[in-house]
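For reference, the structure is listed below as structure tokens.
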Amino acid sequence: TEIYTLSLHDALPIWVFAYGAPVDLRKGFNGLSGLVEQEMKHRLLDGDVYLFLGRNPRRAKVLYFDGTGLCLLAKRLETGRFARPWQRSGGAVLSLTLSELALFLEGSELIGRKVLAPPTFDEKALAVEIPI
């Protein structure tokens, strides 16, 4: 018998985008996917993760397509508040890493205030020329 394992990083995409303004979190699948496609100009079915925060900074929603359907996760902090990602982005869409999303959902106040992830490498910067 073979055992198959799947890590969270295999199941989720690399790109996380935080909407750049407070959102009415009464919106569900259709309302939030409309924001992704019309306001953010992204294709929801590409598999990226989208983070939305309401005016009440204790509530957040995450929307993503897992390959078979849309997934909508909601979280309400019992104590504390979520960081407001639009404070760092000036209202624009903010890119996060999966690690930053995890910190955000844990209630870390650093998200939105400081860049926590190192810049990604460009393939050209990593290329090594081999003399012939």
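The values are calculated or read from the model by the stated rules, or taken from the named source; none is laboratory data. All values derive from a computational prediction rather than experimental measurement. Please note: Cβ atoms are built from the backbone with ideal geometry, for glycine as well, and neighbour counts cover all protein chains shown. Remember, those area values only see protein heavy atoms, side chains included, never the ligands or the DNA or RNA. Shrake-Rupley method; radii C 1.70, N 1.55, O 1.52, S 1.80 Å.
Scanning segment 36-46 for residues that are open to solvent by 10 Å² or more (accessible area, probe 1.4 Å) and closer than 21 Å to L98 by Cβ gives M40, H42, R43, L45, D46. Screening A92, A74 for residues that are surrounded by fewer than 19 Cβ atoms within 10 Å (Cβ to Cβ), closer than 15 Å to G31 by Cβ and among the hydrophobic types (A, V, I, L, M, F, W, C) leaves exactly one candidate, A74. For segment 18-47, a residue qualifies if it is in contact with a strand residue (DSSP E or B) (Cβ under 6 Å, 6 or more places away or on another chain) and at negative phi, and the qualifying residues are A18, Y19, V23, L25, F29, L32, V36, L44, L45. Every test in (1) at pLDDT 80 or above; (2) in contact with a helix residue (DSSP H, G or I) (Cβ under 9 Å, 6 or more places away or on another chain); (3) hydroxyl-bearing (S, T, Y) is passed by S99 save one, and that test is (2). Here L77, L63, L105 are screened, and the one residue that is over 16 Å from the mean Cα position of the chain (by Cα) and modelled with pLDDT of 85 or more is L77.
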